[in-house]
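The structure appears below as C-alpha cells.
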Amino acid sequence: ETLIGSKEQMIVSDRDDGVLVQEVPKRKRDLPALNEEQLTDLVDLALKSEHHFGDVPQDIEWALKDDVLHLLQSRPITNLPPAPLKNLKWEPPSPGATLLRRQIVENMPDPLSPLFDELYLEIALQEGMNRSLARSGSPYKIEDMTNGNVHVTVNGYAYQRRDFKPIEGIDPKVLKDYDIKGQTEWWTKLSGFWQNEWLPEYKSVIQEYEKINLALATDEELFNGIRDLANEDGYYWEESSKVFATAKVTDEQLQAFLKSAAPNHNFTSGMFLSGFHSRTMQAQMDIWEIAKLIQADEALMELVSLTPAPRLLETLRHHPMATPVMEAINKYNDTYGHQIYSLDFAEPTAAEDTLPIMVALKSQVQDKNYDPLVQQIEVNKKRKAAMREIREVLSEEQLWQFRWHLWKARYFYPFREEVVFWLGGAWPVLRGMANELGKRMVKIGTFNSPDDIYFLRSESIDRAIEARTAGKSVPELAEVAAEARELREARKRIHPPGAIPIDQHDNAAATQKLNSPTSNQMSGFAVSPGRIEGEVSVIMSPSDFDNMKPNTILVCPMTTPAWTQLFSHAIALVTDIGSILAHGSIVAREFGIPAVLGLGNVTQRLKSGQRILVDGDAGTIEILD
C-alpha cells in the first residue's frame, strides 16, 4: 500500500547556508516520493540484503543519488510483531455473567500487563470498593453482591461485571424514590467529600512516598510501596467515581430533557456545556504560551521547524538560546506530567513520553495563525446562539425546567475532568520504585530489563527479592517476563468486543455500539454537535502522535487527558470506546468540533487518508472511500 504524508515543507541542500526549509509546490504535494521503477529497485535491494544476511528480515537505510540506488546500512529486525493469536474465545468467566468495557476500563485500551492486572484490577479496585463501603457505614461487602471480582480480564483486556445480585433487605428501587432536590443535595455533598477528603488524602500518600530515598530503600520497601500506591489509586477511584457519576447523570438528564421537550430541533447537552474554563483547555493554553516563546526567536523557530518531533526536546535542552523554553516545558511537566495515556502503570507517563507534547508544540510553532482564544470565542458564540434558539422553542414552564437541568449539569460538569486528572497520579512515584527494583534485578541477573517487573506477578517478584537477599539470581524469571511481554504484544493485535456476551451491546451502560464489519454506515454516541467531512488520521497510541496530520479527523481507540494535544489540529473526533461523558466528548465540545464515540471497531475499519462524514448530531459516521 502507499500512504502519502503531509508535504507542506521540504529541507533542501544549500551550498552557502547548509540547509534551507522551502515550501513544497502544491502540484507535488500529492505525488509519491518514488516512482514505480524506483520502488521496484528498492524492493530488489531489500530482498538481496535479506538473502545476503542469512534470510533474516532486514531494516535497511538507503539513498538515491543521480537516480542510482545506494545501500547505506542493513541490520536484522529484532522487534518483529508476534504471530497473530488464533481461535480466541470471548466468554464470560462464569455462566450468566455479563461484562462491559466501561467506566474505569475505558482508561485501559490495551491488554494489561500481568502486574497491573493483579495489583490494580484484582486487588486495588476490589479492596477500594470495600474500603468505600466500610467508610460509608455499609453492613455488607462488594463480594456479597457479586460472584467474583467486579473487574476481570478476558484475553488480557479489562472488563467490568454487570451481573450484580440483590442483597437481602435492600431494594434497588429505593434509589428511584429520591426526589430531585434530595438527590442534588447528596451529589453536592459528594463533591465536597472529593475536594476536602478523598483527593487530599490521596495526594498526601503520594507525597509521603516521594520522600523515600529510592537508592537506600530495601527491595521489600520498594515493592510494598508499589503495592500501596496501586491500592491508594484504586481507592481514590472508587470514592471519586461517585463524583464522576454525578457529572455523567446530570449531563444525561439534560440530554433526555432536550430530546423530550424539543424532539424536532436536534438540541444536545454539549451545545450548552462548552466554552467554559477547564484544566484541559488550560493545558492547551500553556503549550501555546511555550509556542509563542519560540516564535519570538527566529533561530529557535527554524530549529523547531527542522527538528523531528521525537528529537525536539533533546535538541532544545542543549540549545544555548532555549533556556526560557526549557524552563516553561519543565513547569508544564510539573503540572501535567503525571497524566496517563493508559492507566496500566507499565506504560510511561506524559513526563516520560514527551512525544505528544513535542508534536503539539511543533505544530503550533509552525502555524502562526493558531490561536486557542479565537477557538474559544467561536465555541462561546455557538453556545450563546443555542441559548437564543432554545428560548424561542420552549414554553415558559419548560424553560424553568431547562434552566434547572442546565444549572445541575454545569455545576457538576467540571468535576468529571478534575477527578480523571488525578487518576494515576501516583504512577510517577510508583514507576520510579519499579525502575529502581528492576535495575537491581538486572544487575544480579534475574531480569533482562528493569521493566520486566511489570510482566511478572507478585509471587515471582517476592521470589526474586528473597533470592537477591541471599545473593542469588532467578534467571528463569526473565524468560517468564519475555513470554508475558510477547503475549501482550500479540494481544494488542486483536480487537476486544465492547461486551461479553456480544449481544449485551444494547445494555444502557455500554460504551461501545455493535456495528457491521462491512457497512459504510456506523453508529455510535452523539457527544459533540456538528457535521463535517474530511480525511482521517488513525492514531492507535502515543507512539503514533507524530502521524497526526493537521486539519484531519482524529480516529483512535479512546482518549485520556494526555491526548488533548492532538485536538488543536483535529476537525472532528471518532473513537472505538466512549459515551456521553468520556474524556473525548468533553474536549471535543471545548474545541467546538463534532464527535461520535463508541463505534466499537472504527479503528479497524479505517486507515489514515480515507475520507468520512461525521455527524455529531445523529451519532453516526459514513465511510466515503
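The values are calculated or read from the model by the stated rules, or taken from the named source; none is laboratory data. Please read these numbers as outputs of a predicted model, since none were measured by experiment. Because the Cβ atoms are built from the backbone with ideal geometry, glycine has one as well, and the counts that use them run over all protein chains shown. Surface accessibility is based on the protein's heavy atoms, side chains included, excluding ligands, DNA and RNA. Shrake-Rupley method; radii C 1.70, N 1.55, O 1.52, S 1.80 Å.
Overview of values
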{"read-out": "Cα coordinate range in the chain, projected on the principal axes (Å, largest first)", "value": "81, 73, 52"}
{"read-out": "FRET efficiency for LYS203 and ASP67, using Cβ-Cβ distance with R0 set to 56 Å, rounded to 0.05", "value": "0.35"}
{"read-out": "Carbon plus sulfur fraction of accessible area for the chain, probe 1.4 Å, in percent", "value": "51 percent"}
{"read-out": "For segment 293-434, alpha-carbon Rg and Dmax in angstrom", "value": "21.3, 65"}
{"read-out": "Dipole-positive endmost among LEU373, SER13, LEU121 within the chain (Cβ charges, Cα centre)", "value": "LEU373"}
{"read-out": "In Hz, Karplus ³J(HN,Hα) per residue of segment 209-226 (6.51, -1.76, 1.60; θ = phi - 60°; x = Gly, Pro)", "value": "6, 5, 6, 5, 7, 4, 5, 9, 6, 6, 4, 5, 5, 5, 6, 5, x, 4"}
{"read-out": "Long-range HN-HN contacts of GLN9 with modeled amide H, under 5 Å", "value": "VAL24"}
{"read-out": "Unit charges on C-beta of K, R, D, E only; dipole of the chain, Debye", "value": "1520 debye"}
{"read-out": "Rounded to 5, percent antiparallel among DSSP beta bridges of the chain", "value": "80 percent"}
{"read-out": "The chain, relative contact order in percent, only Cα pairs under 8 angstrom and at least six apart counted", "value": "17 percent"}
{"read-out": "Förster radius 25 Å - calculated FRET efficiency between ASN551 and ALA296, Cβ distance, rounded to 0.05", "value": "0.50"}
{"read-out": "Relative packing of peptides 586-593, 264-271, 530-537 - highest average C-beta neighbours within 10 Å first", "value": "586-593, 264-271, 530-537"}
{"read-out": "Coil-residue trypsin sites (Lys or Arg not before Pro) of segment 57-107, DSSP, other Cβ within 10 Å capped at 16", "value": "LYS86, LYS89"}
{"read-out": "Highest-first arrangement of 394-403, 194-203, where packing means the average Cβ count within 10 Å", "value": "194-203, 394-403"}
{"read-out": "Test item: Cα-centred dipole of segment 1-148, Lys/Arg +1 and Asp/Glu -1 on Cβ, debye", "value": "720 debye"}
{"read-out": "Net charge of Cβ neighbours under 11 Å - reference PRO76; Lys, Arg +1; Asp, Glu -1", "value": "-2"}
{"read-out": "Contact order relative to length of segment 516-623, as percent, for alpha carbon pairs under 8 angstrom and 6 or more apart", "value": "40 percent"}
{"read-out": "Accessible area expressed per residue, the chain, with surrounding protein chains retained (probe 1.4 Å, Å²)", "value": "49 Å²"}
{"read-out": "Computed [θ] at 222 nm, deg cm²/dmol, the chain (DSSP H ≥ 4; -39,500 (n - 2.57); rounded to nearest 500)", "value": "-14000 deg cm²/dmol"}
{"read-out": "Amide H contacts under 5 Å for THR552, placed H, 5+ residues apart", "value": "ILE571"}
{"read-out": "Surface accessible to a 1.4 Å probe, ASP14 within the full protein complex, Å²", "value": "40 Å²"}
{"read-out": "Cα-Cα over 30 Å, subset of LYS384/LYS513; LYS86/LYS513; LYS362/LYS408; LYS362/LYS439; LYS382/LYS549; LYS248/LYS607", "value": "LYS384/LYS513; LYS362/LYS408; LYS362/LYS439; LYS248/LYS607"}
{"read-out": "Relative contact order computed over segment 219-367 (Cα-Cα under 8 Å; 6+ residues apart), in percent", "value": "22 percent"}
